[in-house]
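See structure below.
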Amino acid sequence: MNHQSVAFKNTQFPFPPHLHHSTPIPSRLLFAFSLHPNKTITKSPYSAFSCRGFHTPLLNHPSSSFHSSNATKPAAVKTVDVATLGNLCVDIVLNVPKLPPPSPDSRKAFMEQLSSSPPDKQYWEAGGNCNMAIAAARLGLKCVAIGHVGNEIYGKFLEDVLQAEGIGMVGMSEETDVLNAPSSSYETLLCWVLVDPLQKHGFCSRADFSKEPAFSWMNTLSEEVKRAIKRSRILFCNGYDFDELSSHMIISAVEYTVQVGTSVFFDPGPRGKSLLSGTVEEQKALEHFLRMSDVLLLTSDEAESLTGLVDPILAAQELLRKGNRTKWVVVKMGPKGSILITKSGITCASAFKVKIMDTVGCGDSFVAAIAYGFIHNIPLVTTLAFANAVGAATAMGCGAGRNVATLKQVVELMETPDLNEDDKFWNELLREHLDSQEVTFLSKMVLNGSNGRMKHVTLQKVVSELLPKLKSSQLEGTLSS
């Protein structure tokens, strides 16, 4: 789950004196993150109180006026653009003197110390799939979050945040199991996002200390969840869903999604690599995702992990070849930009040149814009440029959740755009592919046209086509043609 967080403040949560020691403190994963516009820092979350599956009725908006030739022809009217599956959590972002030690026992004790009393609400932020849902809703897409939260202060917080962003909520629960599982199994998932003075991040969550998914008591898709999936154009899932839901539940959700003509978007994230060597059931579910997804979204490192191929284009083509339904494979290339590969061609777009403050939530924002382009059948190069812009706009702020880019910020960025072009990088990457497939490339200065099998599209042309739609959306509050 992409659990990302709030702006990092200098304010420090008052830790008990014994936690302010000079030896390193621990956490599940410790990373020194470089600030890449299109790369998301991710992790999974967990913790809190009693049980509840809450929901908000599905939005009842008319279908979008754009026609999509990408999605499987639906058997039912699609009134929701994007539904997210699972991975609803609260990020609690705290500045700490040092990150926690690697020992599982030490990390668990540290997390329990943090959980003993709820920190001030200023440190809370909506995380996980809330990031993608909020980013998509701010672009004008109609969104529904499908998942489970507890009946406590953290669950109420998530419910309030999503409602304020205009996002519908459909709870996942099985009432028959409420009395048969410990109350902790129904608590809202928390992710403790720890930040040291050097801005390195560590993560602690309940999932770190359990071999079973957090909501292993959930065995079937409710009728309400099925209705939500059926009414949506896209179901977005990511690798952190495996931290919450059983492999059986995940496969059931994918199979039902395909059955009712809803497109599957899947971002395996860092969990993809561990799932490859996970249980037989996890490997089977991952393979099912890779075969049945309409759109796969991953970083170049993740593409290499899943295919064993270093070249991101070859890796994407391998995923396309193995996919039964795969239409797009989108590879995020960090500060270089992004690539979108189909069976008929390769599209590349350099990243936008911006002053980066924080990359948390950039990947989720990027995915939201890809969904927008997919639903509305926007040209591929324009879709990539838009996704890069939305990710970059988020990088100019701090944190995810309610801190992801607004449509106003995206418009402002695209009104004065600049690309972080690296001709040497792109020439080396594309050299071996020009003879086999047509390549479309977003350029800053090159005139529109083709050079052999390389088709150049200027940034000016893309912006001039997209900007009026975005400005119209600002005025109308919803995307229109």
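The values are calculated or read from the model by the stated rules, or taken from the named source; none is laboratory data. Because the structure is a prediction, the values reported are computed rather than measured. Cβ coordinates were reconstructed from backbone atoms using ideal geometry, including for glycine residues, and neighbour counts include every protein chain displayed. Ligands, DNA and RNA are excluded from the accessible area calculation, which covers all protein heavy atoms including side chains. Shrake-Rupley method; radii C 1.70, N 1.55, O 1.52, S 1.80 Å.
Values computed for the structure shown
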quantity: C-alpha center-to-center spacing [segment 86-120, segment 255-274] in angstrom; calculated: 29 Å
quantity: Mean accessible surface per residue for segment 138-248, computed with a 1.4 Å probe while every protein chain stays in place, in Å²; calculated: 35 Å²
quantity: Surrounding net charge for Arg453, when Lys and Arg each add one and Asp and Glu each subtract one, Cβ distance under 10 Å; calculated: -1
quantity: Amide H contacts of Leu189 (H built 1.01 Å from N, under 5 Å, at least 5 apart or other chain); calculated: Ser47, Val90, Gly150
quantity: Spatially proximal aspartates and glutamates relative to Lys461 (Cα-Cα < 19 Å; intrachain offsets below 8 disregarded); calculated: Glu412, Glu415, Asp418, Glu421
quantity: For Thr458, distant residues with modelled amide H under 5 Å away; calculated: Ser443, Asn448
quantity: Burial order of peptide ranges 254-267, 110-123 (average beta-carbon count within 10 Å, highest first); calculated: 254-267, 110-123
quantity: Apportionment of accessible area to carbon and sulfur, segment 198-269, percent (1.4 Å); calculated: 48 percent
quantity: 3J(HN,Hα) from dihedral phi, segment 220-233, Karplus parametrisation 6.51/-1.76/1.60, rounded to Hz, x for glycine, proline; calculated: 9, 7, 6, 5, 5, 5, 4, 4, 4, 5, 5, 8, 9, 7
quantity: Protein accessible area in segment 289-426, 1.4 Å probe - carbon and sulfur %; calculated: 50 percent
quantity: Highest-first arrangement of 361-370, 193-202, 90-99, 462-471, where packing means the average Cβ count within 10 Å; calculated: 361-370, 90-99, 193-202, 462-471
quantity: Cross-link table Lys98/Lys121; Lys156/Lys230; Lys200/Lys471; Lys226/Lys336, entries beyond 32 Å C-alpha to C-alpha; calculated: Lys200/Lys471; Lys226/Lys336
quantity: All aspartates and glutamates inside 15 Å of Lys327 as judged from Cα atoms, apart from same-chain residues fewer than 8 positions distant; calculated: Asp267, Asp294, Glu318
quantity: Gained length - Ser117 relative to Gln199, 0.36 nm times residue gap less alpha-carbon distance; calculated: 27.1 nm
quantity: Cα convex hull volume per residue for segment 243-292 (Å³); calculated: 71 Å³
quantity: Fraction in percent of alpha-carbon pairs per bin - 5 Å, segment 360-410; calculated: 5, 26, 32, 20, 11, 5, 0
quantity: Solvent-accessible area per residue for segment 345-481 (1.4 angstrom probe, square angstrom); calculated: 41 Å²
quantity: For segment 288-293, Karplus couplings with θ = phi - 60° (6.51, -1.76, 1.60), whole Hz, Gly/Pro x; calculated: 5, 4, 5, 7, 9, 6
quantity: Mean projection area, nm², convex hull over Cα of segment 113-224; calculated: 9.0 nm²
quantity: Hits among lysines - C-alpha to C-alpha of Lys332 under 21 Å, sequence gap 8 or more where chains match; calculated: Lys39, Lys43, Lys273, Lys322, Lys343, Lys353, Lys355, Lys424, Lys444, Lys455
